[in-house]
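Taking it in order: structure first as structure tokens, then the write-up.
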């Protein structure tokens with residue numbers, strides 16, 4: 001048994017031996033305190049206990065018939081409180097194992113993380129700039145395509161206008177050629193006479209004050225009927241340069257119908273086909 005205890009003592013660690021020593025010292029102190037308390041209680045009781053006293057009463061004469069007053073008994077002292085019970089020996093709390101504290105991250109690792117974050121931000125900024133450049137390029141391409149379409153439309157319009165002018169010029173040449181051919185077959189004096197009648201009748205219906213004083217010459221195509229009426233609206237080929245004057249001449253032509261027609265069938269046919277009237281509103 002003793003050998004086992006020795007082995008157990010040997011097996012104990014230095015920390016456990018210190019704890020056991022502290023527990024033994026505390027146990028001895030508790031016993032000493034209890035012993036001193038018991039001695040103090042015994043001395044206190046011995047000092048404070050009242051001794052029993054015998055009282056005797058002397059009388060000068062015989063007692064009267066009246067009952068005597070009862071003799072007061074001495075007050076018994078109160079017993080001292082019982083000594084405190086010894087508390088059981090408490091074991092000191094076992095020390096908690098030290099918690100493992102994570103070592104702080106080295107500054108090198110923090111610097112690497114900061115560098116990675118900065119690099120990622122730079123990459124994100126580059127991506128954003130590339131996306132903005134792509135958007136700008138797409139927008140520029142769209143604007144260029146729109147401009148090309150507008151230029152193409154303008155070019156087509158110019159070509160159409162040029163073609164229309166050429167067609168009008170060719171049509172005018174054909175009409176002039178037809179009129180010249182018809183004039184060769186018809187007596188010009190007859191046509192000039194009836195054309196003069198038309199001009200005078202139109203001039204009588206024109207407010208010449210609305211036209212410029214330069215008295216410009218107007219060219220108007222008129223489609224006649226056999227009865228001397230006008231078919232459709234007169235077409236202004238060459239104006240005076242003043243819209244008010246041009247409108248006054250067109251209204252005067254419409255107000256002057258019907259016109260006199262020649263009896264000669266060739267001359268009548270010439271006037272019915274189409275007449276290009278040269279007209280000056282102030283003469």
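For the reader, a short list of remarks on this structure follows.
- Each part reduced to its alpha carbon centroid, segment 184-207 and segment 126-162 end up 59 Å apart.
- Which of 263, 273 has the fewest Cβ neighbours within 10 Å, and the rest in rising order: 263, 273
- Computed over segment 188-279, Kirkwood Rh from alpha-carbon pairs, angstrom: 13.4 Å
- This ranking places 246, 168 by how few other beta-carbon atoms lie within 10 Å of each, fewest first, which gives 168, 246.
- For segment 188-279, the relative contact order works out to 42 percent when only alpha carbon pairs closer than 8 Å and six or more residues apart are counted.
- Sites residue 174 and residue 149, calculated FRET efficiency, Cβ-Cβ separation with R0 45 Å, nearest 0.05: 0.75
- 259, 40 arranged by Cβ crowding within 10 Å, fewest neighbours leading: 40, 259
- Computed from the C-beta positions of residue 236 and residue 193, the FRET efficiency with R₀ = 22 Å rounds to 0.35.
- Rounded to 0.05, the FRET efficiency of the residue 16 and residue 110 pair, given R0 = 51 Å and the Cβ-Cβ distance, is 0.75.
Each reported figure results from applying straightforward, stated rules to the coordinates on display, with no laboratory input. Here the structure is a predicted model, which is why all the values come from computation and not from measurement. Here Cβ is always computed from backbone atoms with ideal geometry, including for glycine, and neighbour counts include all displayed protein chains.
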